[in-house]
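The values are calculated or read from the model by the stated rules, or taken from the named source; none is laboratory data. Because the structure is predicted, anything quoted here is derived from the model rather than measured. Quick reminder, even Gly has a Cβ in these numbers, built from the backbone with ideal geometry, and neighbours come from all protein chains shown.
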Amino acid sequence: MESLLIYVAASVAIISSAMVITQLNAVHALLYLILSLLAVGIIFYLLGAHFAAVLEVIIYAGAIMVLFVFVVMMLNLGNATIALEQSWIKPRMWLGPSLLAVILLSELILMFSQAVSVTAINLVDAKQVGILLFGPYLLAVELASMLLLAGLIGAYHLGRRQTKANKET
Amino acid sequence: MTEPINQIGTWIDIIGILSSVMLVAALLIWVERRMIGIWQDRLGPNRLGPLGLMQVAADMIKIFFKEDWIPPFADKAVFVLAPMIIMVTILTAFAVVPFAPGIGIIDFNFGLLYFLALSSLSVYSVVLGGYASNNKYALLGAVRAAAQTISYEVFMALSLMGVVMLSGTFNLRDIVEAQRNGWFCLSQFLGLFLFIVAVVAESHRTPFDLPEAEHEIIAGFHIEYSGMKFGMFFIGEYLSVTLSSAMIVTLFFGGWLGPEFLPPLFWFCFKTSIWILFFVLLRASLPRPRYDQLMSFGWKFMLPLALINLLVTGGLVLWMES
């Protein structure tokens, strides 16, 4: 049963990831990417990594992808014409994502309704993740935080110069 | 580690919870208008039925029979899909809400994170709705909603980590049980304040209803919506108020805990209704901030406060243990 669910979720992930690359415009690709992330979340869940599964949805699907959509909307606001906007999202392209999302939703319902207990490969709880992150992988965490800080300062610098230039003109 | 999901609800629980949550959301249409009326020293809807209670039915009939207009310039499929997202995500989030011992749908070990995940997915409803309407005001509303939700989500999760540290679990039922010796609203009052502000911003209620600010962008993201599609946004907002109140009660006010002479379910519903009324009062009493004020308030005041709360709570937990 679990392996069937994993295969279904995995094929949803693969198909939607392929669509991300093949879609010609950004919004189509983004919507498929959200779907792909949700599918990966389900796979994590089925493998017993519940913590990673929920974080996948919170951080990637819930926060980072919203930022992506936000940026695309902002660009759209600036220079695209209404005709371009209209051509960007066609009703037809919604058939794919909705169908794949329905499959994922029915898997979720099935899992919750039967409380499918994974013949645990290894159930990982939040405590283990924390101990690993602040134990053997401490260096990696610190390096990642340095990288993020550098990115933050860079973004701040770029944004600040932009506003100054606007004020001068 | 025990089973990740203990199913505690039967079909009766699921149907009961679904219908009562929908009923509460529909009743809130009347409650909000009536209470704001009373607080603003006017009557509010008081003509239909006892206390004007039939106003709900009248509104429902009206909204169902209104023309469900889809603008020709809109993107039809997304336009139809967007209002459903908020209903589906918020209603699914109710699955982890612990109503009382033995009443609820699932008992999930990461229930708190599940709530955060679904409430962060619900923003797509507003964003896609504004985008698909293909209207400049709707798009502005959607852009505002995206930026606002991202900003307030950050410290929404951080404000709850104090509760997680004190109770040592993400499981909502265990968090309620951990409050037997004192509700977390006392030890985590800062977290409570942050969480309230965050959920108000997350559900786009006044004073944080900038995405639909009537005086500057008319109605924001739902400007092109009419009939039951508008109704879904409308009910979705009330559902999210109900969910937020239920979560505040679960996390900070001892959930179903209360004096023994009344059943636990009563205490849960009682506390939740008080918080719902608080949200209504908030709308009646506070003005809307400017958009840049909203953003800088979030990043420059609330986020540092959340981090300080996290640090102090962590330090105290370690100090108490040693």
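What the table shows:
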quantity: Some residue of the stretch A:95-103 being surrounded by 15 or more Cβ atoms within 10 Å (Cβ to Cβ), modelled with pLDDT under 80 and among the hydrophobic types (A, V, I, L, M, F, W, C); calculated: no
quantity: Verdict on A:Gln23 being more than 8 Å from every other protein chain (Cβ to nearest Cβ) and either within 27 Å of B:Ala145 (Cα to Cα) or at pLDDT below 80 (or both); calculated: yes
quantity: Test set (1) within 8 Å of chain A (Cβ to nearest Cβ); (2) out of contact with any Ser or Thr (no Cβ under 9 Å at 6 or more places or on another chain); (3) not β-branched (Val, Ile, Thr) - B:Ala100 fails condition number; calculated: (1)
quantity: Residue list for the stretch B:99-117, restricted to those being out of contact with any strand residue (DSSP E or B) (no Cβ under 7 Å at 6 or more places or on another chain) and closer than 20 Å to A:Ala63 by Cβ; calculated: B:Phe110, B:Gly111, B:Leu112, B:Leu113, B:Phe115, B:Leu116, B:Ala117
quantity: Residue among B:Ile150, B:Ile85 that is closer than 17 Å to A:Val72 by Cβ and surrounded by fewer than 24 Cβ atoms within 10 Å (Cβ to Cβ); calculated: B:Ile150
quantity: Pair list, Cβ under 8 Å, 6 or more apart: the stretch B:276-293 residue surrounded by 14 or more Cβ atoms within 10 Å (Cβ to Cβ), other residue acidic (Asp, Glu); calculated: B:Val280/B:Glu32; B:Arg283/B:Glu32; B:Arg288/B:Asp209
quantity: Output for the stretch A:35-58, where each listed residue is within 9 Å of another protein chain (Cβ to nearest Cβ), hydrophobic (A, V, I, L, M, F, W, C) and free of Cβ contacts under 8 Å to residues at least 40 places away in the same chain; calculated: A:Ala53, A:Val54, A:Leu55, A:Val57, A:Ile58
quantity: Candidate set from the stretch A:59-77 (those that are facing chain B (nearest Cβ under 7 Å) and over 24 Å from A:Ser98 (Cβ atoms)); member that is modelled with the lowest pLDDT; calculated: A:Leu77
quantity: Residue within the stretch B:279-298 that is at pLDDT 85 or above, in contact with a helix residue (DSSP H, G or I) (Cβ under 6 Å, 6 or more places away or on another chain) and part of a helix (DSSP H, G or I) present; calculated: yes
quantity: Selection count where residues are in contact (Cβ under 8 Å) with a residue 40 or more places away in the chain and either surrounded by fewer than 19 Cβ atoms within 10 Å (Cβ to Cβ) or small (Gly, Ala, Ser) (or both), scope the stretch B:197-214; calculated: 6
